[in-house]
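Q: For reference, the structure I am asking about is given below.
The values are calculated or read from the model by the stated rules, or taken from the named source; none is laboratory data. As the structure is a prediction and not an experimental result, all values here were calculated from the model. Methodologically, a virtual Cβ is constructed for each residue, glycine included, from the backbone with ideal geometry; neighbour enumeration extends over all protein chains shown.
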Number of protein chains: 2
Amino acid sequence: MDTATASPSIKVPPSDMQQHFSDLLLAEEGTDVTFKVGSETIAAHRCVLAARSAVFKAELFGTMKEGTATTSVIQVDDMDAQIFRAMLGFIYSDWPPEIEEEEGADVMWQHLLIAADRYDLRRLRLMCEEKLSEYVDVSTATTILTLAEQHNCRGLKETCLEFLNSPANLQKVMATGGLDSLAACCPSVLKDLIAKLAKLK
Amino acid sequence: MDTATASPSIKVPPSDMQQHFSDLLLAEEGTDVTFKVGSETIAAHRCVLAARSAVFKAELFGTMKEGTATTSVIQVDDMDAQIFRAMLGFIYSDWPPEIEEEEGADVMWQHLLIAADRYDLRRLRLMCEEKLSEYVDVSTATTILTLAEQHNCRGLKETCLEFLNSPANLQKVMATGGLDSLAACCPSVLKDLIAKLAKLK
């Protein structure tokens, strides 16, 4: 025997980095930026936000001089604190946000998708698209389609159009006036829908 | 059809968090601590180090007051800059360090193991143990065994003892005076070796 065989007790465990940063967020230690979201103040670490989001990077490092950090307060408008916290949780852990499957969960996912798009968090946006696909039905199809159109979610838009491509679904949606809002805010999507229906024949 | 089927184009890619933090280290943006290692100065982010290492956490957050950050300089003794950089790379990315398979690579891994133990980076320590197992041979067995004993690396110690448990290997090691250093710095390991050999008979 010329070389050794590694002992079976040397086992490198899987990455614990996501847990480490998740713990950092919970502990709030060493935070150097505070967000005011609604009536809540939420503390975070600039370099973590900047590492994960190009939008935060521009916002936080653009005006920041190395070594002269004083905790700054940033006002976040048009977002619920609950959504901002869910987004922060994703930024620190990269895990899919935990949103309980209860009344209004689909609206939470919609708001989270908007937040993900605003801060250029592509993976989170895709997680939201994936989740919202499960919520597409007669009552939600046009709302979700509008959202998908406004935030360039190609996959989610496709899911909605495919759903409406069934005459039975489309008739039910039309009976509830579902197409009216679509016609009002993004009429170009109606053309996409018509193109799809035309292929059906 | 009552609910939708997700479009196949909605695909959530694997986690990119490790890449993001790896990029942050390379970019050196927003750093708030500097280490002086040998003749080099190396910049980093306190919250990242603290999230990943309890030793850094105590060192950096113990004396740090939120919001009063000025870039501090920390002297690191008894470590090569190259090793410190490799350790930082691991801290930020959680990826195994890249050390070229060339002359002296085993010594690099030994130094990295010492660094990992010093900063309580358990996963990195196990990566080093795993790698060093591959380097255990007649010329290195006792040096690596000494290191394993000094840094409580149970698995690596077991690998070395198992290697020396072969009479052929042991004789060659003894012929080169390999046991002398072991007897000098950690005689208790000789007892462990004797216990192992006793079982052989």
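Q: Return the total of residues in region B:16-30 being in a loop (DSSP other than H, G, I, E, B) and at pLDDT 95 or above.
A: 1
Q: Next up: What pairs come out if I take residues in region A:12-40 that are within 15 Å of B:Val48 (Cα to Cα) and pair them with residues that are acidic (Asp, Glu) and at pLDDT below 95 whose C-beta lies under 7 Å away, six or more apart or interchain?
A: Going by the 7 Å Cβ cut-off, the qualifying pairs are A:Gly30/B:Glu66; A:Thr31/B:Glu66.
Q: Among the residues of region A:24-38 satisfying the criterion of being among the aliphatic types (A, V, I, L, M) and surrounded by fewer than 19 Cβ atoms within 10 Å (Cβ to Cβ), which is farthest from the other protein chains (Cβ to nearest Cβ)?
A: A:Leu26
Q: So is A:Asp80 under 24 Å from A:Glu158 (Cβ atoms), in contact (Cβ under 8 Å) with a residue 40 or more places away in the chain and more than 8 Å from chain B (Cβ to nearest Cβ) or not?
A: Values: under 24 Å from A:Glu158 (Cβ atoms): no; in contact (Cβ under 8 Å) with a residue 40 or more places away in the chain: yes; more than 8 Å from chain B (Cβ to nearest Cβ): yes.
For A:Asp80, the condition - under 24 Å from A:Glu158 (Cβ atoms), in contact (Cβ under 8 Å) with a residue 40 or more places away in the chain and more than 8 Å from chain B (Cβ to nearest Cβ) - is not met.
Q: Within region B:148-167, restricting attention to residues that are among the small types (Gly, Ala, Ser) and under 24 Å from B:Glu98 (Cα atoms), which residue is farthest from the other protein chains (Cβ to nearest Cβ)?
A: B:Ala148
Q: Can you go through B:Ala69, B:Ala51 and tell me which one is part of a loop (DSSP other than H, G, I, E, B), touching an Asp or Glu at 6+ places or on another chain (Cβ under 9 Å) and either at pLDDT below 95 or surrounded by 21 or more Cβ atoms within 10 Å (Cβ to Cβ) (or both)?
A: Of the residues listed, the single one that is part of a loop (DSSP other than H, G, I, E, B), touching an Asp or Glu at 6+ places or on another chain (Cβ under 9 Å) and either at pLDDT below 95 or surrounded by 21 or more Cβ atoms within 10 Å (Cβ to Cβ) (or both) is B:Ala69.
Q: Taking the residues in region B:77-87 that are out of contact with any strand residue (DSSP E or B) (no Cβ under 6 Å at 6 or more places or on another chain) and in a helix (DSSP H, G or I) as candidates, determine which candidate is farthest from B:Arg123 (Cα to Cα).
A: B:Gln82
Q: When B:Ala4 is evaluated against the numbered criteria (1) in contact with a strand residue (DSSP E or B) (Cβ under 9 Å, 6 or more places away or on another chain); (2) closer than 30 Å to A:Ala168 by Cα; (3) not polar (S, T, N, Q), which criterion, by number, is the only one it fails?
A: Unmet condition: (1).
Q: Checking A:Thr41 against (1) within 10 Å of chain B (Cβ to nearest Cβ); (2) surrounded by fewer than 20 Cβ atoms within 10 Å (Cβ to Cβ), which test does it fail?
A: The one condition A:Thr41 does not meet is (1).
Q: Consider A:Leu190 against the criteria (1) aliphatic (A, V, I, L, M); (2) under 13 Å from the mean Cα position of the chain (by Cα); (3) not in a loop (DSSP other than H, G, I, E, B): it satisfies all of them except one. Which criterion is unmet?
A: Unmet for A:Leu190, out of (1) aliphatic (A, V, I, L, M); (2) under 13 Å from the mean Cα position of the chain (by Cα); (3) not in a loop (DSSP other than H, G, I, E, B): (2).
Q: If you don't mind, another one. Filter region B:102-147 for residues that are part of a loop (DSSP other than H, G, I, E, B) and more than 14 Å from chain A (Cβ to nearest Cβ); which is modelled with the highest pLDDT?
A: Checking each candidate, the answer is B:Gly104.
Listed here are the residues, each with its yes/no results for (1) within 18 Å of B:Ala58 (Cβ to Cβ); (2) crowded, with 21+ Cβ neighbours inside 10 Å.
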| position | (1), (2) |
| --- | --- |
| B:Glu102 | no, no |
| B:Ala105 | no, no |
| B:Trp109 | no, yes |
| B:Leu112 | no, yes |
| B:Arg122 | yes, no |
| B:Cys128 | no, yes |
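Q: Hey, can you tell me all the residues within region B:155-201 that are exposed (fewer than 14 other Cβ atoms within 10 Å of the Cβ) and under 21 Å from B:Glu134 (Cβ atoms)?
A: B:Ala168, B:Thr176 - these are the residues of region B:155-201 that are exposed (fewer than 14 other Cβ atoms within 10 Å of the Cβ) and under 21 Å from B:Glu134 (Cβ atoms).
Q: Taking into account only those residues within region A:148-187 that are of a type in the set (Val, Ile, Thr) and assigned to a helix (DSSP H, G or I), which is modelled with the highest pLDDT?
A: A:Thr159
Q: Looking at this structure, is B:Thr63 exposed (fewer than 14 other Cβ atoms within 10 Å of the Cβ), modelled with pLDDT under 95 and not basic (Lys, Arg)?
A: yes
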